[in-house]
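Worksheet: the structure to be examined is printed underneath.
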Amino acid sequence: MLINFEGIDGCGKSTQIHLLKQYLEEQGKQVHVYREPGGTSIAEEIRSILLDSKNNISAISELLLFSAARAQLVQEKIIPALDNGTTVILDRFYDSTTAYQGYGRSVLPIDEISMLNRMAACGLVPEITFYLRISQKLALQRRLKHAQDRMEMAGMEFYSRVLEGYENMIKENSRFIVLDGAQSIESIATEIRRHLLSK
């Protein structure tokens, strides 16, 4: 099973991913968690380039670097894990590229980004996507509690476009499960488990 978590920076994805992994392992399942960009030595090097605030990366270069990191992760880790019957949980997948580079940066038309996403993902589609919906204000409050990377330093207008992108994807894809990211950690975790049990 392939599960991914989406949402703007500061929505609480990482916490919920950790709790879900713990829960599934307690149920006897083998679980691998990967973050995007990252998860392989090559993808982690790309991640460090992408998130370094000293790097002035063009929007098209950013898009292609994210896609390269994803292609490496999919082929090196995700496909073998799924073939082995392992549950794979992703901290971001190509929906993030559509939202951040497609809507946020407006780098290419969405249909062209979708084509690039399909190529990089080798046709993989998550069975379920948990989207943690959160206001920009709350997300910003959470982000300010730690050092911000290059992506997190983008302005409010950028994040407004990203949020619009996510809302459009939610309307078009039944695999999205929308969760209120402002709820307590425990409430969100319970809701995630309930949705998985119904699959």
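Annotations for the structure displayed:
- Annotation note: of Glu172, Glu186, Glu167, the sole residue that is over 22 Å from Arg70 (Cα atoms), over 19 Å from the mean Cα position of the chain (by Cα), modelled with pLDDT of 95 or more and not small (Gly, Ala, Ser) is Glu186.
- Screening the candidates Val74, Val125 for the property of being more than 17 Å from Ile17 (Cα to Cα), β-branched (Val, Ile, Thr), in contact (Cβ under 8 Å) with a residue 12 or more places away in the chain and surrounded by fewer than 19 Cβ atoms within 10 Å (Cβ to Cβ) yields one hit, Val125.
- In region 20-53, residue surrounded by the most Cβ atoms within 10 Å (Cβ to Cβ) [restricted to those that are out of contact with any Ser or Thr (no Cβ under 7 Å at 6 or more places or on another chain), in contact (Cβ under 8 Å) with a residue 24 or more places away in the chain and part of a loop (DSSP other than H, G, I, E, B)]: Pro37
- Single residue of Ile17, Ile8 found to be out of contact with any helix residue (DSSP H, G or I) (no Cβ under 9 Å at 6 or more places or on another chain), surrounded by 19 or more Cβ atoms within 10 Å (Cβ to Cβ) and within 21 Å of Ile170 (Cβ to Cβ): Ile17
- Residues that are hydroxyl-bearing (Ser, Thr, Tyr) and in contact (Cβ under 8 Å) with a residue 40 or more places away in the chain, drawn from region 84-111: Thr86, Thr87, Ser96, Thr98, Tyr100, Tyr103, Ser106
- Enumeration of residues in region 180-199 that are in contact (Cβ under 8 Å) with a residue 60 or more places away in the chain and more than 13 Å from Asp9 (Cα to Cα): Ile185, Ile188, Ala189, Ile192, Arg193, His195, Leu196, Lys199
- Residues in region 87-122 that are outside any helix (DSSP H, G or I) and surrounded by fewer than 17 Cβ atoms within 10 Å (Cβ to Cβ): 4 in all.
- Some residue of region 41-54 being closer than 21 Å to Asn173 by Cβ and of a type in the set (Ser, Thr, Tyr): no
The values are calculated or read from the model by the stated rules, or taken from the named source; none is laboratory data. Just so we're clear, the structure is a prediction, and the values are computed from it rather than from any experiment. With ideal geometry, Cβ positions are generated from the backbone for all residues, glycine too; neighbour counts draw on all protein chains shown.
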